[in-house]
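Trainee: My questions will all concern the structure given below.
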Amino acid sequence: MKRGLASHLTPHPSRLAGFTLVELVAIIIIAGILAAVAGPRFFNAATFASRGYADQATGLLRYAQKLAIARHADVTVQVGGSGLSLCASAGNPCADVNPWPGPQGETPYRADAPGGVTLTGSAAAVSFDAQGRPSNGITLTISGDTVRTLTVEAETGYVY
């Protein structure tokens, strides 16, 4: 009896079975290890609060620089223990009678640190002139689950 070429190309029935029990157990063990290591960091609210505040502070500093350029006026960001404030005057603390509005018109425009997050700065304030140049460089340290650092470059005002 002569066999055709097609009979040699069909897979053997035992090779169609799928995963072995050892492979499935190994995958379950790896998934358990990943869940034990990554789970607590993923479900920790302090991680999200700290990162969110760092993003909010970065946005406020960049907004202050753009506002100074758009308004052709000095804009000051005050650094306090509770957060950042956008001001028209360099006096510390920021007087609420003379604030700059936020991007949505909110007055005064502030970025308050959430619970469990602290803010410290290398200076009490940074002012941007009408060309967007800062009065001084500043470094902000945001402490929460980890320590994050924001920097305003003294020469260009670049915030990172």
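Trainee: State whether the residues of the stretch 131-149 include one that is part of a loop (DSSP other than H, G, I, E, B) and of a type in the set (A, V, I, L, M).
Mentor: Checked the stretch 131-149: no residue is part of a loop (DSSP other than H, G, I, E, B) and of a type in the set (A, V, I, L, M).
Trainee: Moving on to the next point. Within the bounds of the stretch 124-142, is there any residue that is exposed (fewer than 14 other Cβ atoms within 10 Å of the Cβ) and more than 20 Å from V159 (Cα to Cα)?
Mentor: The answer is no, given that none of the residues of the stretch 124-142 is exposed (fewer than 14 other Cβ atoms within 10 Å of the Cβ) and more than 20 Å from V159 (Cα to Cα).
Trainee: Here are P103, P40: which of them is under 20 Å from the mean Cα position of the chain (by Cα), exposed (fewer than 12 other Cβ atoms within 10 Å of the Cβ) and part of a loop (DSSP other than H, G, I, E, B)?
Mentor: P103
Trainee: Then there's this: From the list A123, A90, A95, A111, pick out the single residue that is at pLDDT 90 or above and not polar (S, T, N, Q).
Mentor: A111
Trainee: Among the basic types (K, R) and out of contact with any strand residue (DSSP E or B) (no Cβ under 9 Å at 6 or more places or on another chain) - does that describe any residue in the stretch 89-110?
Mentor: no
Trainee: Then there is this: When residues of the stretch 120-134 are filtered for being closer than 19 Å to L67 by Cα, touching a residue at least 40 places away in the same chain (Cβ under 8 Å) and touching a Ser or Thr at 6+ places or on another chain (Cβ under 9 Å), how many remain?
Mentor: 7
Trainee: So F48 clears everything in (1) in contact with a Gly (Cβ under 8 Å, 6 or more places away or on another chain); (2) without any contact (Cβ under 8 Å) to a residue 12 or more places away in the chain; (3) hydrophobic (A, V, I, L, M, F, W, C) except one condition, right? Which one?
Mentor: (1)
Trainee: May I ask you to list the residues in the stretch 103-159 that are among the small types (G, A, S) and out of contact with any helix residue (DSSP H, G or I) (no Cβ under 7 Å at 6 or more places or on another chain)?
Mentor: If the condition is that a residue be among the small types (G, A, S) and out of contact with any helix residue (DSSP H, G or I) (no Cβ under 7 Å at 6 or more places or on another chain), then G105, G115, G121, S122, A123, A124, A125, S127, S135, G137, S143, A154 are the ones that fit.
Trainee: Just the residues that are of a type in the set (A, V, I, L, M, F, W, C) and either in a strand (DSSP E or B) or closer than 16 Å to Q56 by Cβ (or both), please, taken from the stretch 150-160.
Mentor: Scanning the stretch 150-160 gives L150, V152, V159.
The values are calculated or read from the model by the stated rules, or taken from the named source; none is laboratory data. Because the structure is a prediction, the values reported are computed rather than measured. Note that we place each Cβ from the backbone using ideal geometry, even for glycine, and neighbour counts take in every protein chain shown.
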